[in-house]
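Beneath this line is the structure, given in structure tokens, with notes to follow.
No lab work stands behind these numbers, since they all come straight from the coordinates. The shown structure was predicted, so the numbers you read here are calculated from the model rather than taken from an experiment. With ideal geometry, Cβ positions are generated from the backbone for all residues, glycine too; neighbour counts draw on all protein chains shown.
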Amino acid sequence: MNVGAPFDDFWLGRENVKRDTKIILIGAGIGGLTAAIALQSRGFKVEIYEQAPQLAEVGAGLTLSPNATHGLESIGLGPRLAQLATRPERQAVLHYRTGEVLVDLPRGDLPKKQYGADYYQIHRADLHTLLADAVRSHDPNAIKLSHTFAGLTQNNNAVDVTFTNGVAVSADVVIGCDGIKSAVREVLWGKAAPRFTGNIAWRGLVPIERLPKGFKLDPPSAAAVGVKHSMARYLIRDGTVLNYVAFAEKAGWEVESWAVRSEVSELLSEFHDWHESFQTFLAATPPELCFKWAIHDRDPLPQWTKNRVTLLGDAAHPMLPFLGMGAASGIEDSVVLARAFEAAGSIEEGLKRYEGARRERATFIQLASREAQSRLQGGKVDNYTKNEHKNEEFLGLFNYNPATVAV
Ligand SMILES: Cc1cc2nc3c(=O)[nH]c(=O)nc-3n(C[C@H](O)[C@H](O)[C@H](O)COP(=O)(O)OP(=O)(O)OC[C@H]3O[C@@H](n4cnc5c(N)ncnc54)[C@H](O)[C@@H]3O)c2cc1C
């Protein structure tokens with residue numbers, strides 16, 4: 001797979017994009033905030049417009065594979081990330097009914113030796129706070145809350161953006177980082193609702209003291225394969241909280257939101273034939289920390305950029321969560337975008353370099369994330385070996401550094 005664009009000599013020796021270019025980002029999720037820091041740390045001035053009245057991320061864990069860690073380290077967040085995140089020593093793939101280890105994957109210092117950066121697991125809120133603090137340390141006024149994007153018009157010189165609160169702003173460039181339901185994407189490429197995939201994800205956080213005495217998570221970081229069901233679970237926050245996400249193929253409920261509570265009893269009945277090593281921690285979920293989400297998807301876009309407006313993160317390429325690469329891909333986009341602007345002689349060139357370097361890889365991961373569903377939930381559990389486990393590392397996705405890839 002070609003993971004980056006070849007360097008194009010045509011652009012060499014041209015004047016750079018001016019640092020006073022006004023860049024507006026719509027959406028302060030992991031993608032928008034990372035892009036802001038990457039641009040700020042190269043001297044660009046950015047404004048981020050976020051619909052929420054307060055910055056917050058949901059209570060859940062997030063895997064940061066070496067390709068994402070490279071991106072965060074390149075914008076100066078490495079030391080703080082190492083303090084906040086957990087680095088698993090090993091990972092396993094488990095059999096859903098017997099709980100036995102089917103595949104063992106060494107981690108620890110191996111990813112760093114092999115790919116140049118660590119493999120981490122972190123609470124999403126901790127990463128989000130780290131990013132927001134970094135944006136504000138560059139510019140305390142960069143994040144504008146309570147601004148819901150309403151629309152934009154553009155010509156060859158500027159983009160005019162309006163918000164539902166009546167505010168109107170003008171910019172040289174606009175980046176839509178507004179997630180899977182992106183309104184910016186809709187303005188550029190037309191209305192098309194995300195499609196329900198037939199999967200529901202339950203996510204929960206279990207304080208470790210709620211687990212029965214003597215209960216062991218062996219190893220602490222694992223995925224489990226099943227029949228129309230799968231699961232991932234790992235410890236975060238210095239081993240004090242167990243994070244899990246449990247997937248089931250299930251029709252009839254399609255609400256796409258991280259904020260919908262689920263009864264723990266519903267979750268237990270869905271996973272009733274799973275080994276007790278899973279049932280035990282599911283049952284220990286505090287009722288207020290059990291949520292469900294209907295997983296939606298979109299087809300890859302043939303183009304992200306229109307004139308002076310482009311897309312980033314889930315707005316550009318929402319991915320099913322079966323490879324755990326959605327946020328990682330948004331982080332990759334962000335670093336590449338900033339490098340593309342730094343290298344370019346014009347806004348048009350910067351956006352062209354960005355999309356040229358990113359779209360092929362992002363599309364590949366989008367499609368591979370779909371295929372991963374049948375591997376994990378297809379029911380071929382009894383013969384599941386390392387050969388079957390064609391995961392994100394096997395696909396070569398760890399072997400990518402957004403801070404050095406050709407732009
Ligand atoms: C169950 C599950 C588990 C996952 N696990 C992983 C994992 O382990 N590793 C990984 O890399 N990825 C994972 N992902 C994917 C990851 O969560 C997403 O890819 C990532 O959060 C997307 O970030 P984003 O910034 O592009 O979008 P979002 O996080 O959706 O942020 C969009 C932001 O835009 C704002 N916004 C929306 N509309 C507007 C508007 N009109 N005006 C202004 N602001 C607006 C929103 O309020 C929000 O703040 C998982 C996803 C799921 C569903």
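Tabulated results
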quantity	calculated
About the Cα centre, charge dipole magnitude for the chain (Lys/Arg +1, Asp/Glu -1 at Cβ), debye	140 debye
Choice from 314, 20, 109 with maximal GNM fluctuation in the chain (Cα, 10 Å cutoff)	20
Gain on full stretching of the segment that runs from residue 371 to residue 288 - 0.36 nm per residue minus C-alpha separation	26.6 nm
Stokes-Einstein translational diffusion, the stretch 261-325 - Kirkwood Rh over all Cα pairs, 0.890 mPa s, 25 °C, in µm²/s	163 µm²/s
Spin-label proximity, residue 227 to the stretch 90-106 - amide N less than 13 Å from point 7 Å beyond Cα toward beta carbon	96-98
Radius ratio Rg over Rh of the stretch 157-298, counting only Cα atoms, Kirkwood formula for Rh	1.12
Unit charges at the beta carbon, dipole of the chain: most positive-side option, 317, 268, 94	317
Dipole axis of the chain (+1 Lys, Arg; -1 Asp, Glu on Cβ), positive-most option in 282, 251, 196	196
Cα Rg, Dmax, the stretch 109-149, angstrom units	15.5, 44
FRET efficiency, 1/(1 + (r/R0)^6) with R0 35 Å, evaluated for residue 45 and residue 83 via beta carbons	0.75
Simple Cβ-charge dipole of the stretch 9-108, Lys/Arg +1 and Asp/Glu -1, about Cα centre, in debye nearest 20	180 debye
Inter-probe distance in nm under a simple model that places probes 7 Å from Cα toward Cβ, at residue 113 and residue 280	3.2 nm
Ordering of 223-234, 325-336, 193-204 by packing [mean C-beta count within 10 Å, highest first]	325-336, 223-234, 193-204
The stretch 361-407: mean projected area of Cα convex hull, nm²	3.8 nm²
Descending principal axes extents, the chain, alpha-carbon based, whole Å	62, 45, 36
Rg/Rg_ref, the stretch 73-162, where Rg_ref = 2.2 N^0.38 Å and atoms are Cα	1.70
Selection from 331, 143, 356, by position along the positive dipole direction of the chain (Cβ)	356
Relative packing of peptides 159-166, 44-51 - highest average C-beta neighbours within 10 Å first	44-51, 159-166
Using a Förster distance of 35 Å, the FRET efficiency for residue 390-residue 272 (Cβ separation, nearest 0.05)	0.75
Residues residue 299 and residue 348, FRET efficiency given R0 of 22 Å [Cβ-Cβ distance, rounded to 0.05]	0.25
Size-normalised alpha-carbon gyration radius of the stretch 111-233, reference 2.2 N^0.38 Å	1.57
